[in-house]
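Scroll down for the structure; my scribbles are underneath it.
The values are calculated or read from the model by the stated rules, or taken from the named source; none is laboratory data. Here the structure is a predicted model, which is why all the values come from computation and not from measurement. When we count neighbours, we look across all protein chains shown, and the Cβ atoms used for this are built from the backbone with ideal geometry, even at glycine. The protein model used for the area step is the full one, side chains on, heavy atoms only, and it has no ligands, DNA or RNA in it. Shrake-Rupley method; radii C 1.70, N 1.55, O 1.52, S 1.80 Å.
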Amino acid sequence: LRVLLVDQWIETGGTMRATIQLVEKLGATVVGVAAVAIENTEGGKWIKENYKFSHCIPEALQSQVDGKYFNFFKSFSEAQ
């Protein structure tokens, strides 16, 4: 069985890593990981180094993801 794991946001990678271990222990193969965002934490880097992955964040915005705040949101608070 081939499995694609999907998450909305991978912060520390702990939950995804545990899920990968469980899926593989059950005999399936993790063929990839998909998320809206993967932070460059130790766990996020481990996923990126060991599995095919896809996320929606351009490299230019990665530092904002890692900081958990998009500069774009400033326009909402300035408008009030």
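Could you work out the relative contact order of the chain, using alpha carbon pairs under 8 angstrom and six or more residues apart, expressed as a whole percent?
Normalised by residue count, the contact order of the chain is 29 percent.
Counting only other residues whose beta carbon sits under 15 Å from that of T29, what net charge do I get with K and R as +1, D and E as -1?
+2
Consider the candidate values (1) 13.3, 41; (2) 28.7, 87; (3) 14.9, 53; state which one is Rg and Dmax of the Cα atoms in Å computed from the structure displayed.
Answer by label: (3).
Counting other Cβ atoms within 10 Å of each Cβ, which trypsin sites (Lys or Arg not before Pro) in segment 1-64 have at most 13 and sit in a DSSP loop?
K52
If you look for lysine pairs in the chain that are eight or more places apart or on different chains, how many of them have Cα atoms under 29 Å apart?
7
Using only Cα atoms and rounding to the nearest 10 degrees, what angle (0 to 90) does helix 14-25 make with the longest principal axis of the chain?
The answer is roughly 20 degrees.
Per residue of segment 63-68, what does 6.51 cos²θ - 1.76 cosθ + 1.60 with θ = phi - 60° give for ³J(HN,Hα)? Whole Hz please, x for Gly and Pro, Karplus curve as stated.
5, 6, 4, 4, x, 6
What's the carbon and sulfur percent of the chain's accessible surface, probe 1.4 angstrom, rounded to a whole number?
Carbon plus sulfur share of accessible area: 56 percent.
For the chain, which chymotrypsin sites (Phe, Trp or Tyr not before Pro) are both in a DSSP coil and crowded by at most 15 other Cβ atoms within 10 Å?
The qualifying sites are Y51, Y69, F70.
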